[in-house]
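Remarks on the structure that follows.
The values are calculated or read from the model by the stated rules, or taken from the named source; none is laboratory data. It should be emphasised that the depicted structure is a prediction, and the values quoted were computed from it without experimental measurement. We place every Cβ from the backbone using ideal geometry, glycine too, and count neighbours over all the protein chains shown. Accessible surface is based on the protein model in full, side chains and every heavy atom, while ligands, DNA and RNA are left aside. Shrake-Rupley method; radii C 1.70, N 1.55, O 1.52, S 1.80 Å.
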Amino acid sequence: MNMKYGSIPGVSKPVSRIGQGLMMVSTAKQDWTNELLDGVFALGVNIFDSSHVYGGGDCDRAFGAWVTSRGVRDKVVMLDKCAHHNAQRRRVTPEDITEDLHGCLDRLGFDHIELFVMHRDDPTKPVGPIVECMNEHIRAGLISAYGGSNWSHERIAAANAYATEHGLVPFTVSSPHFSLARMVEEPWGECLSITGDEGGPARQWYAEHPEVALFPWSSLSRGFLSGQWTREKMENATPEQAKDIAVRCFRAEDNIQRLDRCWQLAKEKGMTVPQIATAYVMSYPLNIFALIGVYKPEEARQNLAAMHLELTEAEMAWLDLRSETK
């Protein structure tokens, strides 16, 4: 099966509809890292997602080493993230963004990053200086485009209105949580989800603004839809298992019903539960590039098959409990 590609304003390369997260790679496991990335890249995945905080910066180093050793810088698209809060303060300022950008470039060994995304927001800060800062880096050739992870659509709309008013490049990337299973509790502070009824207005805004590409994180809801869990296991989770993010953040009767239906549809289609859950996200009528975090190339191959499984509107509604028939 062939990879599907889309485009991002400002990025000259086609962008694979499936992207690989880099939280698991490290220089301590460089040989394993190289084998994993070789296999994923061979399947057509060309966008890779990291952050200045992943592995204390080591994930950037490991990925940069792979890119350099394979000579594929002109073929890959880098999505790196900045402005993560720390214990002392909220780091969403032009100074923090600039510091993180240069740190990421140094660790990667790159002269530019295609997509530079703020990991968190600080709604107390005006959007103007942030948009101005990102545009300075675009003009300097250090980044191609920018966006926000866990930014509300209202804040992105405000930033893009400022950009339009001042003749600047707007946000073209947003990375919220989106999945079949709604978030009952945040895995970490200030996570933003566009799933469920509460996410309806955000999904409508993104439908009306397809120029803002969505890179949803945790499409399998931190393992809730990974195929490891069934209704029985979820309902009978031990106190120790209840600490698992999948249980703590997604265990609710409506989500368990969605899980039941994933198992049923997977059996009917000869697919797996994570393939059905991934197909749900990728079949949603939005400009979506799904982020995955596989540890084996074969897992990426399964995601590729899920990308080609186009669910019908009736199947989507049934999975999401909006209908009793499919």
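Here are the numbers for the structure shown:
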read-out: Those residues of the stretch 259-268 which are in contact (Cβ under 8 Å) with a residue 24 or more places away in the chain and under 13 Å from residue 326 (Cα atoms), in sequence order; value: 261, 262, 265
read-out: The one condition in (1) in contact with a Leu (Cβ under 7 Å, 6 or more places away or on another chain); (2) at pLDDT 95 or above that residue 54 fails to fulfil; value: (2)
read-out: Residue satisfying condition, being closer than 25 Å to residue 148 by Cα and either more than 19 Å from the chain's Cα centre (by Cα) or among the acidic types (Asp, Glu) (or both), within set 62, 42; value: 62
read-out: Considering residues of the stretch 3-40 that are outside any helix (DSSP H, G or I) and of a type in the set (S, T, N, Q) only, the residue farthest from residue 281 (Cα to Cα); value: 26
read-out: Leading residue by the ranking (surrounded by the fewest Cβ atoms within 10 Å (Cβ to Cβ)) among those in the stretch 22-40 that are farther than 24 Å from residue 118 by Cβ and of a type in the set (Val, Ile, Thr); value: 27
read-out: Among the residues listed as 104, 133, the single one being open to solvent by less than 10 Å² (accessible area, probe 1.4 Å) and either at pLDDT below 95 or more than 21 Å from the chain's Cα centre (by Cα) (or both); value: 133
read-out: Candidate set from the stretch 310-324 (those that are part of a loop (DSSP other than H, G, I, E, B) and modelled with pLDDT of 95 or more); member that is surrounded by the fewest Cβ atoms within 10 Å (Cβ to Cβ); value: 324
read-out: Residue within the stretch 41-48 that is part of a loop (DSSP other than H, G, I, E, B), open to solvent by less than 50 Å² (accessible area, probe 1.4 Å) and hydrophobic (A, V, I, L, M, F, W, C) present; value: yes
read-out: Qualifying positions in the stretch 153-209 - surrounded by 22 or more Cβ atoms within 10 Å (Cβ to Cβ) and of a type in the set (Phe, Trp, Tyr); value: 171, 178, 206
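Here is a yes/no grid of residues against (1) farther than 25 Å from residue 213 by Cβ; (2) under 17 Å from the mean Cα position of the chain (by Cα):
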position: 236; (1), (2): yes, no
position: 251; (1), (2): yes, no
position: 282; (1), (2): no, yes
position: 289; (1), (2): no, yes
position: 302; (1), (2): no, no
position: 309; (1), (2): no, no
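Here's the yes/no breakdown for (1) modelled with pLDDT under 95; (2) farther than 29 Å from residue 122 by Cα; (3) surrounded by fewer than 17 Cβ atoms within 10 Å (Cβ to Cβ):
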site	(1), (2), (3)
214	no, no, no
226	yes, yes, yes
234	no, yes, no
253	no, yes, yes
268	no, yes, yes
282	no, yes, no
